[in-house]
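Colleague: Sharing a structure with you now.
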Amino acid sequence: MTMTSPTIDLTMLADPALRADPYPLLRQMREASPLPLIDGLLVVTGRHRDCSAVLRHPHASSERYRSALTAPNLEISTLSFLSLDPPDHTRLRRLVSSAFTPRVVTALRPRITEIVDSLFRRVAEQGRMDVIDDLAYPLPVQIISELLGVPAEDHERLRAWSAQLARGLDPQFTDPDPERVAVAEGARTEFNRYFSTLIAQRRTHPREDLLSLLVHAESEGDKLNEEELLATCVLLLVAGHETTTNLIANAVLALLRHPDQLDALRARPDLVDGCTEETLRYDPPVQMTTRAARGTLPVGEVEVPDGGIAVLLIAAANRDPDVFDEPDRFDITRKPGGHLAFAAGIHFCLGAGLARLESAVALDAFAQRIVAPRLLEPVEYKANINLRGPARLDVTFDAIRSL
Ligand code: HEM
């Protein structure tokens, strides 16, 4: 079995030198799509119409662990509904959906604003900030932790486990790295142990949090078993950790590298939602996803046979010139819509509304309150291929305007 096509190799995406800018390679991959590898069992596509169609296709299964091709690393998320098909997916997703309705999310705005304000106050005197550590990371972590009911003093512990799990989500179709798989598995075990204790506490002392809601659903009968409960907690925490951090960081980075866009946002604060959408398109926090074929799965002109895998390069699809004019241009006034950053179909991101709101509040504050921000290049990236984003984002400034 070989992973290579004559010109393009999926493993090229793993090259650390490309982490800062994988887009030229993603463009080549899109132009060569659909790209059958491993005797056609694995098909890669970066074309928007293929990705969009696969995400909505009834033969596209999220139960990737069933595929013989799936490296063990992908099994770490086996039990969460991210990796389940209906009817289990429908049942579990429905249970948590009520915590993420537009009404619930909108009501979080004052709390999100309060957290951003307190984060800015912490760095105001220093004249510099690391946008990751001082804003983009603590904001989503605090919000999702408060929603779930995770105490603030535990955030640091969860941070390490979350990062290890996220790294385990990188594609390893060629050489699964046993050490990385073991680290991710270890993190999952720690998470499970941690949440088991918290769940036990909520059984006896329920509160007004999502964890208590899930525990209540479990106690009501066969709606959700203990394993599913644990997997759902871990999914929400990790999904709420890494992705939104990257969104805020990628947006700040793009604004600082395109000062005309930052000026436009300052002049017109109503462009803030456009800025979030454009970042999701231009530099998406989740760069790719996969689907297993349950029955024959068409990917453009080719078909993935039953049991094979389709690799969907979201980051390439979001710059497909068939859908977006001048796709490599960062333009916050672009008509929003059409990007696949939150996927599509039945697994469309459950936290999209929350992520958009956190991003809007953070970017509005950054644009309107930080005086004369200057980016310190070069920007260093995390090793992650899929949940890709800067490791640090150092910015100096003259002052922070108060509210
Ligand atoms: C910018 C931030 C975010 C991005 C780019 C993002 C992206 C995604 C993507 C691409 C998927 C679909 C994966 C697939 O099916 O292959 C997904 C699913 C999901 N996301 Fe997000 N996400 C973000 C933030 C969040 C937040 C803040 C939460 C929750 C607090 C969240 C919770 C979920 C859940 C629960 C799923 C599984 C949905 C399902 O399987 O039905 N996400 N997300």
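Colleague: Kindly rank 136-145, 104-113 from highest to lowest mean number of other beta carbons found within 10 Å of each residue.
Modeller: On the way: 136-145: 22.4, 104-113: 14.5.
Listed from highest to lowest mean packing, they are 136-145, 104-113.
Colleague: As I understand it, the dipole of region 4-62 uses +1 on the Cβ of Lys and Arg and -1 on the Cβ of Asp and Glu, about the Cα centre. Which of Val43, Ala60, Ala14 lies farthest toward its positive end?
Modeller: Ala60
Colleague: What residues have an amide H closer than 5 Å to that of Val44, excluding those fewer than 5 places away on the same chain, when H is modeled at 1.01 Å from N in the peptide plane?
Modeller: Under 5 Å from the amide H of Val44 lie the amide H atoms of Leu35, Leu37, Val311, each far enough along the sequence or on another chain.
Colleague: Using modelled backbone amide H atoms (1.01 Å from N, in-plane), which distant-in-sequence or interchain residues come within less than 5 Å of Tyr381's amide H?
Modeller: Result for Tyr381 returns Ala391.
Colleague: Per residue, how much accessible area does the chain show when a 1.4 Å probe rolls over the protein heavy atoms, in square angstrom?
Modeller: Normalised by residue count, the accessible surface of the chain is 43 Å².
Colleague: On to the next question. Where does the chain land at 222 nm, in deg cm²/dmol rounded to the nearest 500, when only DSSP H runs of n ≥ 4 count, each adding -39500 (n - 2.57), divided by all residues? Numbers along the way, then the final one.
Modeller: Details: 14 runs with 182 residues, N = 403.
Result for the chain, helices only: -14500 deg cm²/dmol.
Colleague: Calculate the dipole size of region 10-400 relative to its Cα centre from +1 charges on Lys and Arg beta carbons and -1 charges on Asp and Glu beta carbons; express the result in debye to the nearest 20.
Modeller: For region 10-400, the charge dipole is close to 580 debye.
Colleague: Enter the accessible area of Arg257 (Å², nearest 10), with the probe set to 1.4 Å and all protein chains included.
Modeller: 110 Å²
Colleague: Could you tell me the relative contact order of the chain? Use alpha-carbon pairs under 8 Å, at least six residues apart, and round to a whole percent.
Modeller: Relative contact order, the chain: 28 percent.
Colleague: Tell me whether region 86-217 comes out rounded, prolate or oblate; compute the Cα gyration tensor, take square roots of the eigenvalues as a ≥ b ≥ c, and use a/c under 1.5 as the rounded threshold.
Modeller: oblate
Colleague: Which sequence of Lys382, Lys223, Lys335 reflects their accessible areas, 1.4 Å probe, from the largest down?
Modeller: Of Lys382, Lys223, Lys335, the descending order of accessible area is Lys335, Lys223, Lys382.
Colleague: Now for a separate question. Output wanted: per-residue J couplings in Hz (rounded whole) for region 236-253, from phi through Karplus 6.51 cos²θ - 1.76 cosθ + 1.60, θ = phi - 60°, x for Gly and Pro.
Modeller: Per-residue couplings from phi come out as 5, 5, 6, 4, x, 7, 6, 6, 5, 4, 5, 4, 5, 5, 5, 5, 4, 4 Hz.
Colleague: Using +1 on the beta carbon of Lys and Arg, -1 on that of Asp and Glu, and nothing else charged, what's the dipole of region 142-269 about the Cα centre, debye to 20?
Modeller: Numbers: 13 positive and 21 negative charges, 86 e Å.
So the dipole magnitude of region 142-269 works out to roughly 420 debye.
Colleague: If you plug each phi of region 13-18 into the Karplus form 6.51 cos²θ - 1.76 cosθ + 1.60 with θ = phi - 60°, what whole-Hz ³J(HN,Hα) values come out, in order, with x for Gly and Pro?
Modeller: Karplus-based 3J(HN,Hα) across region 13-18 equals 5, 7, 5, x, 5, 9 Hz.
Colleague: Taking θ = phi - 60°, what integer Hz values does the Karplus form 6.51 cos²θ - 1.76 cosθ + 1.60 yield along region 347-357, in sequence order, with x for Gly and Pro?
Modeller: 9, 3, 3, 6, x, 4, x, 5, 4, 5, 5
Colleague: Need one word for region 10-400: rounded, prolate or oblate. Basis is the Cα gyration tensor (sqrt eigenvalues a ≥ b ≥ c); a/c below 1.5 gives rounded, then a/b vs b/c decides.
Modeller: Oblate, since a/c reaches 1.5 and b/c is not below a/b.
Colleague: When the chain is modelled as a GNM with alpha-carbon springs shorter than 10 Å, which of Asn225, Asn192, Asn250 fluctuates the most?
Modeller: Asn225
Colleague: Rounded, prolate or oblate: pick one for region 217-330, where a ≥ b ≥ c are the square roots of the eigenvalues of its C-alpha gyration tensor, a/c under 1.5 means rounded, and failing that, prolate if a/b is larger than b/c, else oblate.
Modeller: Details: a/c = 3.31, a/b = 1.36, b/c = 2.43.
Taking the square roots of the gyration eigenvalues as a ≥ b ≥ c, region 217-330 is oblate.
Colleague: Another one. Amide H neighbours of Val304 under 5 Å, at least 5 residues apart or on other chains, H built in the peptide plane: list them.
Modeller: For Val304, the qualifying residues are Leu297, Val299.
Colleague: Next up: Got a number for carbon plus sulfur as a percent of region 10-400's accessible area, 1.4 Å probe?
Modeller: Carbon plus sulfur share of accessible area: 53 percent.
The values are calculated or read from the model by the stated rules, or taken from the named source; none is laboratory data. Not measured: the values here are computed from a predicted model. Every residue, glycine among them, receives a Cβ derived from its backbone with ideal geometry; neighbour counts consider all protein chains shown. When the accessible area is computed, the model is the full protein with side chains, heavy atoms only, and any ligands, DNA or RNA have been set aside. Shrake-Rupley method; radii C 1.70, N 1.55, O 1.52, S 1.80 Å.
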